[in-house]
Structures are given as C-alpha cells and as structure tokens.
Ligand SMILES: C[S@@+](CC[C@H](N)C(=O)[O-])C[C@H]1O[C@@H](n2cnc3c(N)ncnc32)[C@H](O)[C@@H]1O
C-alpha cells in the first residue's frame with residue numbers, strides 16, 4: 001500500500017461496524033470488497049452523484065452534493081461541512097491569493113476553498129493517487145474553478161518544491177494540511193521556504209487520528225501563534241479538530 005493512500009480516522013485497535021465510527025468501517029471493509037468485485041470505487045460513485053445532482057458552474061453545489069452523498073450513502077474522507085466551515089472562516093479572514101493544499105482526494109476542500117477566493121488567487125493542491133487526482137480535476141472543472149485551482153499529481157515531498165521552481169509562487173498565504181499524518185511536520189515546517197510572516201497553516205485531523213509531531217512543534221515554537229478549533233471527524237460524532245498556526249517569521 002502506498003504511504004499516501006491511507007487515511008484512517010479510526011483507532012487501529014478496534015474493527016467495529018457499530019458505534020460512532022461504524023459508517024467508516026462499513027465503507028472501508030465491506031464496500032472495498034464489493035468495489036473490487038464490481039470494478040467500481042466510492043470516489044467514482046461520489047463523482048457520479050455530484051454530476052447528476054449539482055448544477056454545473058455553481059461551486060457551492062459540489063461540496064453540498066458530496067456532503068449529501070456522505071450523509072446518505074456512506075462515509076468519505078472529505079474535510080466535511082463542520083470542519084469545512086471553520087476552514088471557510090480562516091480563508092475569509094486571511095483573504096489568501098497563494099494557497100497550497102496537501103491532500104486533494106476528490107476535490108471537496110479545494111472547491112470549497114476556491115469558491116471563496118478573489119479573482120487572480122490560485123490554489124495548488126497536491127494528490128498522490130492518480131484516480132483521486134482525476135476525479136478532483138473533473139469536479140473542479142464542473143464547478144467552473146479550473147482557473148483558480150491546479151491539481152499537482154504526485155507525492156508531497158516530490159511536488160512541494162515545485163511551486164517555487166516551476167509555478168512562480170514565492171511564498172504562500174495559506175496552507176491546508178490534510179494528507180498523511182506522518183508527513184504533516186516534515187512537509188510544512190522544517191524548510192519553511194514557502195512560508196512568510198503571516199502565512200496560515202491549517203491542519204485537519206490533529207485530534208483524530210492525530211498529528212502529535214506537528215502539534216508539539218508549532219505549539220512549542222515562538223515562531224508560531226496557534227489556535228485550536230475543536231470539531232468532529234467528518235460526518236461522525238468522534239471528536240477531532242483543526243489547528244491553525246500562524247507563522248510569525
Ligand atoms: C483526507 S484526504 C484529503 C481530503 C481533502 N482535503 C478534502 O477535504 O476534500 C487525504 C488525501 O491525501 C492523499 N495523500 C496522503 N498522503 C499524501 C502524500 N504524501 N502526497 C500526496 N498525497 C497524499 C491521499 O491519497 C488522500 O486522497
């Protein structure tokens with residue numbers, strides 16, 4: 001299994017189809033087996049659901065339809081509407097023009113974020129799984145946000161150096177961190193080359209499944225000012241949260 005392809009919001013110790021994380025396990029275990037037999041995938045079903053129900057060119061319709069799928073049909077690892085609206089608040093407050101997202105998946109958070117961006121702003125979003133990157137590109141195009149969002153396909157450590165070298169991005173205003181939890185810290189902070197005083201780091205799942213290395217680092221550093229936003233794992237009642245860490249320079 002690729003190290004980027006797995007995102008588990010659930011404790012490794014328990015495989016339970018009941019309780020607050022039951023929908024996740026239903027999707028992961030039962031649906032994966034069924035998909036293998038059918039040659040289908042949950043992500044393709046999400047794409048089909050959105051294309052059939054949302055309005056082309058209306059960005060808000062995409063996250064709404066994805067949330068609707070996840071509530072009615074099955075869990076998926078989008079940031080979701082609760083944490084998504086916290087992210088919306090950070091985007092509105094920061095008014096970013098240069099953004100990086102680590103972990104695109106189907107493009108839910110990319111569309112959600114880009115719908116709030118001013119003309120000329122640009123979001124680069126990194127996805128290591130080719131099928132997910134392709135689905136995200138379809139949804140971004142469907143939302144009419146192709147001029148604002150670019151999906152960079154590849155693993156984060158390969159792709160992150162590109163904004164400076166190839167894409168004419170000197171520093172970032174906002175980084176949304178939502179990929180492999182063990183890559184949160186190494187992919188964002190140590191080099192710091194793309195950060196400038198005022199850059200906002202917004203990290204998902206810092207409580208569940210948790211990103212202790214990143215939390216310890218940013219909370220213990222005088223170079224960051226941190227705010228925790230408590231919430232829940234997407235579409236579940238399990239506590240989770242977003243960490244907002246503003247780089248002070
Ligand atoms: C939680 S999902 C992202 C959800 C998305 N931000 C949203 O809210 O719609 C995590 C995604 O990160 C990708 N990923 C994980 N580690 C990665 C890495 N090191 N490089 C690139 N992509 C990675 C996975 O393939 C997965 O699609």
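The values are calculated or read from the model by the stated rules, or taken from the named source; none is laboratory data. Computed from a predicted model, the values in this text were never measured in an experiment. Quick reminder, even Gly has a Cβ in these numbers, built from the backbone with ideal geometry, and neighbours come from all protein chains shown.
Kindly provide the set of residues from the stretch 204-226 that are more than 16 Å from the ligand (Cβ to nearest atom), over 13 Å from residue 188 (Cβ atoms) and in contact with a helix residue (DSSP H, G or I) (Cβ under 7 Å, 6 or more places away or on another chain), ordered by number. I'd like the intermediate steps shown before the answer.
At the first step, the residues of the stretch 204-226 found to be more than 16 Å from the ligand (Cβ to nearest atom) are 212, 215-226.
This time we only want the ones that are over 13 Å from residue 188 (Cβ atoms), so: 212, 216, 219-220, 222, 225-226.
Listed by number, the list holds a single entry, 226.
Under 6 Å between Cβ atoms, which residue pairs at least 6 apart in sequence (or on different chains) link something in the stretch 56-76 that is on the phi < 0 side of the Ramachandran plot and away from the ligand (no atom under 12 Å from the Cβ) with a partner that is modelled with pLDDT of 95 or more and not in a loop (DSSP other than H, G, I, E, B)?
56/142; 59/111; 59/143; 65/50; 65/53; 69/46; 69/49
For the list (1) within 10 Å of the ligand (Cβ to nearest atom); (2) under 24 Å from residue 219 (Cβ atoms), I need the number of the one condition that residue 159 fails.
Exception for residue 159: condition (2).
Could you please let me know if residue 88 is free of Cβ contacts under 8 Å to residues at least 12 places away in the same chain, more than 10 Å from the ligand (Cβ to nearest atom) and either crowded, with 21+ Cβ neighbours inside 10 Å or assigned to a helix (DSSP H, G or I) (or both)?
Working: free of Cβ contacts under 8 Å to residues at least 12 places away in the same chain: no; more than 10 Å from the ligand (Cβ to nearest atom): yes; either crowded, with 21+ Cβ neighbours inside 10 Å or assigned to a helix (DSSP H, G or I) (or both): yes.
For residue 88, the condition - free of Cβ contacts under 8 Å to residues at least 12 places away in the same chain, more than 10 Å from the ligand (Cβ to nearest atom) and either crowded, with 21+ Cβ neighbours inside 10 Å or assigned to a helix (DSSP H, G or I) (or both) - is not met.
Look through the stretch 91-101, keep the residues that are assigned to a strand (DSSP E or B) and within 15 Å of the chain's Cα centre (by Cα), and return whichever of them is nearest to the ligand (Cβ to nearest atom). Break it down stepwise before answering.
Initially, the stretch 91-101 is screened for residues assigned to a strand (DSSP E or B), giving 98-101.
Among the residues that remain, those that are also within 15 Å of the chain's Cα centre (by Cα) are: 99-101.
Values: 99: 12, 100: 12, 101: 6 Å.
The extreme case among them is 101.
Only residues in the stretch 101-120 that are without any contact (Cβ under 8 Å) to a residue 60 or more places away in the chain and farther than 17 Å from residue 169 by Cβ count as the first member; pair them with residues that are near the ligand (Cβ under 8 Å from one of its atoms) and part of a loop (DSSP other than H, G, I, E, B), Cβ under 7 angstrom, at least 6 apart or cross-chain, and list the lot.
The qualifying pairs are 108/78; 108/79.
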